[in-house]
There are 2 protein chains.
Amino acid sequence: MSAGRSTEDALVRRIRELAARTTGAGVRVGIGDDCAVLETHPGTRLLATTDLLIEDVHFRRRWAEPADLGWKALAVNLSDIAAMGGRPRWALVALAGADGTTAEEIDAFYAGALELASAHDTVIVGGDTSSSPYGWMINVTLLGEATAPLLRSTARPGDTLAVTGTLGRSAAGLAVLERETPSGVEPAALAAVTAAHLRPYPRVREGMWLAAAGGVTAMMDLSDGVGIDLPRLADESHAGALIDVERLPLDDATRAVAAALGADPLAWATGGGEDYELLLACEPTALARLQRGLAEAYRIHLTPIGEVTASGGVHWRSQGREVTVARGFEHFAARPAASGAGA
Amino acid sequence: MSAGRSTEDALVRRIRELAARTTGAGVRVGIGDDCAVLETHPGTRLLATTDLLIEDVHFRRRWAEPADLGWKALAVNLSDIAAMGGRPRWALVALAGADGTTAEEIDAFYAGALELASAHDTVIVGGDTSSSPYGWMINVTLLGEATAPLLRSTARPGDTLAVTGTLGRSAAGLAVLERETPSGVEPAALAAVTAAHLRPYPRVREGMWLAAAGGVTAMMDLSDGVGIDLPRLADESHAGALIDVERLPLDDATRAVAAALGADPLAWATGGGEDYELLLACEPTALARLQRGLAEAYRIHLTPIGEVTASGGVHWRSQGREVTVARGFEHFAARPAASGAGA
């Protein structure tokens, strides 16, 4: 992107044209003025979240297309709104591209963002553009609404802990993208795990359903891996947790890729991050009802993995013995020359 | 900033501790959960704006301290809220620092941001942190409220155009910071222009006063220079404008620095950008009242510079003849090695 302001005006016009394809209630003024002017629903709380995506920290252009980046920048923020059971409404998208970024790449970026935004009735109402001295940098702020947002801090001892979907798929996908395509793995499995990394599908509808269902006491999304996110939920709730490692849900594609690469799928599940599944605490008696409801409405599994304890930190148990687990997703080293994998 | 998540958790705790020093109404949940949970005022419109600040595009670490960057990142967004006559309420601050960024630098950054935020009853309610492969990258999203926001698009032919304060100070400051300290200029003048560039003071109170005063038909802030911002206001209003270049307000410090550097202060006023003054259109009969009110309440000059015309683009007049003016602020070239000045 060149730095000139007439170029920037042309870019703003282009973005406005693209963003106008998403329309939604509550937008009095969208892109083109100093601020977006928005109309919230009376009686709801406003939710706000923001996330950075930086080239060679969070992604590499070698394997992430501009449309993937647009999608993912929206997805990670939608997931934060989902984590509270909120309804996403408005996005502000800031993009800095290095010199040489083409109009086609910018269009593709917005096409990816708008595809996921539209699927969630979310309107892009503002943003910023800049040149960049290094590579692509993206910041998305997402605004949503909720009548009774679910927090991290309200889990209670005795609550059941459960996760939606399966874990470790995104880390499996990253391993394939970043390191090598393993031989002997079905193409469909490779496609499933790389798609999970490049285009995660946030649990927005599931989050809203769970918030309305009753019986859920706390919720968050799994962005850094359950090994590091779950202790956050426990800490915020001034509680502990006991997790049965065998119960962490892994899917066949993740297991197949792990076997082919000689990797530990459990380490991906606990430490890989970026699965964007929901982690929740619920009343034990509510579990079966929530499982049934999610399966019927969205064909999504809700898997119990342990329970909230009164205190004493988070403990991981395998075959009756306490174990340690891989914790936390380390992003790439800051130097672009470094080649460490994310998992 | 190192990339590890435990480091990031420590950083989030630190930021939360710092941000907790600003408190404000309407924050149900601040930093520490997936989203901020906020309470808007019934009957108001929500305003949202976002801005990127990128090292070697928008600033250089050689002359901008972390505290300046925190201040300015808030200031440019506060100015967007001011442009609509809105009341700023909540900020989300995303910061990526290169390896080697120290805790002291991060503290200083937040101290600068919080100083200006507190002065405007604005609470930092969320954000994101990341390592960066290059340098500092900052994104701030600011949320505000207004009952009747002033837009760019509502100026009418015959309206008077006017600006608050003086123009070109920030460009004069940038010239001093980026190029050289001119000899023969009073230290107070140098300090005034460099402060205008490093720590612009957004016209938030003035904006709210103007929105409430009546008679103002359109407003925007001057971030890129009147030479490029005014045509934006005219375009959005489907109108034209006729400006008397001699009436553009320049202050003595700007003139003195320009004389010492052999620069044209008028080019700084029209093309320098980053003054963060307000440009407004008003009913001609309202001008004197608005001037008096701003002078009494805030000791700020409101200077008429021309008028809105029915169409035909924006024309600049000097001594009765049409002239062209320097338009638009060119940020630094993308390559850090390049040495072009911003003005």
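The residue list B:241, B:259 contains one member that is closer than 23 Å to residue B:153 by Cβ, more than 18 Å from the chain's Cα centre (by Cα) and among the hydrophobic types (A, V, I, L, M, F, W, C), which is B:241. Would you call residue B:148 closer than 19 Å to residue B:84 by Cα, touching a helix residue (DSSP H, G or I) at 6+ places or on another chain (Cβ under 7 Å) and aliphatic (A, V, I, L, M)? When the stated conditions are applied, residue B:148 passes them.
Identify the residue in the stretch B:77-104 that is surrounded by fewer than 18 Cβ atoms within 10 Å (Cβ to Cβ) and either outside any helix (DSSP H, G or I) or touching an Asp or Glu at 6+ places or on another chain (Cβ under 9 Å) (or both) and, among all such residues, is nearest to the other protein chains (Cβ to nearest Cβ).
Applying the first criterion (surrounded by fewer than 18 Cβ atoms within 10 Å (Cβ to Cβ)) to the stretch B:77-104 yields B:98-100, B:102-104.
Still in the running and either outside any helix (DSSP H, G or I) or touching an Asp or Glu at 6+ places or on another chain (Cβ under 9 Å) (or both): B:98-100, B:102.
Details: B:98: 7, B:99: 5, B:100: 9, B:102: 15 Å.
So, considering only residues that are surrounded by fewer than 18 Cβ atoms within 10 Å (Cβ to Cβ) and either outside any helix (DSSP H, G or I) or touching an Asp or Glu at 6+ places or on another chain (Cβ under 9 Å) (or both), the one nearest to the other protein chains (Cβ to nearest Cβ) is B:99.
The set of residues in the stretch B:51-76 being facing chain A (nearest Cβ under 7 Å) and assigned to a loop (DSSP other than H, G, I, E, B) consists of B:56, B:57.
From the set of residues in the stretch A:136-150 that are of a type in the set (A, V, I, L, M, F, W, C) and closer than 25 Å to residue A:66 by Cα, which is surrounded by the fewest Cβ atoms within 10 Å (Cβ to Cβ)? Give the derivation first.
Of all residues in the stretch A:136-150, those of a type in the set (A, V, I, L, M, F, W, C) come to A:136-138, A:140, A:142-143, A:146, A:148, A:150.
Within this subset, residues satisfying the condition of being closer than 25 Å to residue A:66 by Cα are A:136-138, A:140, A:142-143.
Working: A:136: 24, A:137: 29, A:138: 27, A:140: 31, A:142: 30, A:143: 32.
Result: A:136.
Number of residues in the stretch A:105-158 that are of a type outside the set (Gly, Ala, Ser), assigned to a loop (DSSP other than H, G, I, E, B) and more than 8 Å from every other protein chain (Cβ to nearest Cβ): the value is 9. Out of (1) in the same structural domain as residue B:230 (by TED's automatic domain parsing); (2) under 23 Å from residue B:204 (Cβ atoms), what's the single condition that is false for residue B:189? Result: residue B:189 passes all but (2).
Please pick out the residue among B:235, B:229 that is free of Cβ contacts under 8 Å to residues at least 24 places away in the same chain, within 14 Å of chain A (Cβ to nearest Cβ) and either surrounded by fewer than 23 Cβ atoms within 10 Å (Cβ to Cβ) or more than 20 Å from residue B:319 (Cβ to Cβ) (or both).
B:235
Within the stretch A:25-38, restricting attention to residues that are at the interface with chain B (Cβ under 7 Å from one of its Cβ atoms) and touching a strand residue (DSSP E or B) at 6+ places or on another chain (Cβ under 6 Å), the residue that is surrounded by the fewest Cβ atoms within 10 Å (Cβ to Cβ) is A:28.
Kindly establish whether residue B:224 is within 14 Å of another protein chain (Cβ to nearest Cβ) and within 16 Å of the chain's Cα centre (by Cα).
On the way: within 14 Å of another protein chain (Cβ to nearest Cβ): yes; within 16 Å of the chain's Cα centre (by Cα): yes.
Here the answer is yes, as residue B:224 does meet what is asked.
Residues checked against (1) surrounded by 23 or more Cβ atoms within 10 Å (Cβ to Cβ); (2) in the same structural domain as residue B:211 (by TED's automatic domain parsing); (3) over 17 Å from residue B:85 (Cα atoms):
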site: B:273; (1), (2), (3): yes, yes, yes
site: B:276; (1), (2), (3): yes, yes, no
site: B:291; (1), (2), (3): no, yes, no
site: B:299; (1), (2), (3): no, yes, yes
site: B:304; (1), (2), (3): no, yes, yes
site: B:309; (1), (2), (3): no, yes, yes
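The values are calculated or read from the model by the stated rules, or taken from the named source; none is laboratory data. Everything numeric in this text was worked out from a predicted model, so none of it was measured. As a convention, Cβ positions derive from the backbone with ideal geometry for all residues, glycine included, and neighbour counts pool all protein chains shown.
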